[in-house]
Amino acid sequence: MNEQSRQNKSAWEYRAYEFWTKRDGSPSEKAKLILENPLAFLKKHKHYFKHVEGKRIANLCGSNGRKAVPLALLGAEVTVFDISEENKKYAIELAAEANTSIEYVVTDIYDIDRKRYGGSFDLLYLEGGILHYFADLELFMRILHDLLKDGGKMILSDFHPLSKVINSQGKVNYFDTGLKSGDVAYKGFFSEEEQLNFPDTSIRLYTLSDIINSVIAAGFSLQKFDEHRGWNNENIPWEFTILAGK
């Protein structure tokens, strides 16, 4: 595990389970909501997952299982790869409360056992703020490509690089390539006094062309690219989704 990954593991294993319980409720409470309509919890990507019975899906950086558990309830065989033991704890409890099961592998994505998992998955699903945790984007994409079966597809959704520049009012340099320290995503949910003890993450920002070109360079066939408005329908590109095949 490299130094960036060690730093991010430390950050994501600091009070993460407590945060998920604060934000989403206990695994039991969250499971009851998911069971009402699993497909709805896949939100803007739900049209990709209407017929996943029997499919093998890798949910990379799958966090607390909020996407993996709905996919399992829809009949998929789901494996989560994530760096945080705290995330795993919540996710496994969530799956149990929803009367389903997922495989959860705590690992750095760079360290996934490609002999075991290579060519195993029909679908890869990645969503949320993920890519900035990986300084070697081309290696990251090659690993993803290796995990897919021939004919498989990747659904990759992340924060739109322009949104960071717009929201910072130009303080963020769109073309910056250096590693930076950052706050773990849930730090702001705790008091200012508690925030003083939070470890920093290590992140690297990418341009949109960096991301698209890394997908192509890894051998994927780029099939669709969508841009999404802000969560409150703001008139800026807040997120994007890439559909790519092998």
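Pick out, from 190, 58, 21, the residue whose Cα sits farthest towards the positive end of the charge dipole of the chain, with +1 on the Cβ of Lys and Arg and -1 on the Cβ of Asp and Glu.
Checked the options; the winner is 58.
By DSSP, what percent of the beta bridges with both residues in the chain are antiparallel, rounded to the nearest 5?
Rounded to the nearest five, the antiparallel share is 50 percent.
Per-residue ellipticity at 222 nm for the chain, helices alone: DSSP H runs ≥ 4 residues times -39500 (n - 2.57), over residue total, nearest 500 deg cm²/dmol?
After summing the helix terms and dividing by the residues of the chain, the value is -9500 deg cm²/dmol.
Given +1 on the Cβ of Lys and Arg, -1 on the Cβ of Asp and Glu, and no further charges, what dipole in debye does the range 38-137 carry about its Cα centre, rounded to the nearest 20?
Here the size comes out at about 440 debye.
Just going by the charge dipole of the range 3-245, with Lys and Arg at +1 and Asp and Glu at -1 on Cβ, which of 231, 81, 104 is farthest out on the positive end?
231
Quick one: if you stick a label point 7 Å off each Cα along the C-beta vector at residue 101 and residue 2, how many nm between them?
It is 3.6 nm.
Any idea what the dipole of the range 96-228 comes to, in debye rounded to 20, about its Cα centre with Lys/Arg Cβ at +1 and Asp/Glu Cβ at -1?
Here the size comes out at about 440 debye.
Along the Cα-to-C-beta direction of residue 217, a point sits 7 Å from the Cα; which residues of the range 114-139 have their amide N less than 13 Å from that point?
Output list for this probe position: 135-139.
Place the peptides 12-23, 68-79 in order of packing, highest mean first, counting for every residue the other Cβ atoms within 10 Å and averaging per peptide.
Output ranking for 12-23, 68-79: 68-79, 12-23.
Of 193, 239, 138, how do they rank once you tally other Cβ atoms within 10 Å and put the fewest first?
Neighbour counts put them in this order, fewest first: 193, 138, 239.
So, in nm, how far is label residue 111 from label residue 43 when the simple model puts each one 7 Å beyond its Cα toward the Cβ?
My value for the distance between the label points is 3.0 nm.
Can you give the Rg to Rh ratio of the range 1-47, both from alpha-carbon atoms, with Rh computed by the Kirkwood formula?
Answer for the range 1-47: 1.16.
Once fully extended, how much extra length lies between residue 227 and residue 192, figured as 0.36 nm per residue of separation less the alpha-carbon to alpha-carbon distance?
Using 0.36 nm per residue and subtracting the Cα-Cα distance, I get 9.2 nm.
When the chain is modelled as a GNM with alpha-carbon springs shorter than 10 Å, which of 82, 176, 158 fluctuates the most?
Checking each option, the largest mean-square fluctuation is seen for 176.
Would you mind getting the Kirkwood hydrodynamic radius of the range 155-246 from its Cα pairs, rounded to one decimal in Å?
In the range 155-246 this quantity evaluates to 15.2 Å.
For the chain, what is the charge dipole size about the Cα centre, in debye to the nearest 20, if Lys and Arg each add +1 at the Cβ and Asp and Glu each add -1 at the Cβ?
It works out to roughly 640 debye.
Taking the radius of gyration and the Kirkwood hydrodynamic radius from Cα positions alone, what is the Rg/Rh ratio for the range 3-245, to two decimal places?
Ratio of gyration radius to Kirkwood radius: 0.94.
When the Cα centres of the range 14-72 and the range 183-246 are compared, how far apart do they sit, in Å?
The distance from the Cα centre of the range 14-72 to that of the range 183-246 comes to 18 Å.
No lab work stands behind these numbers, since they all come straight from the coordinates. Note that the structure is predicted; figures quoted are calculated from it, not measured. Here Cβ is always computed from backbone atoms with ideal geometry, including for glycine, and neighbour counts include all displayed protein chains.
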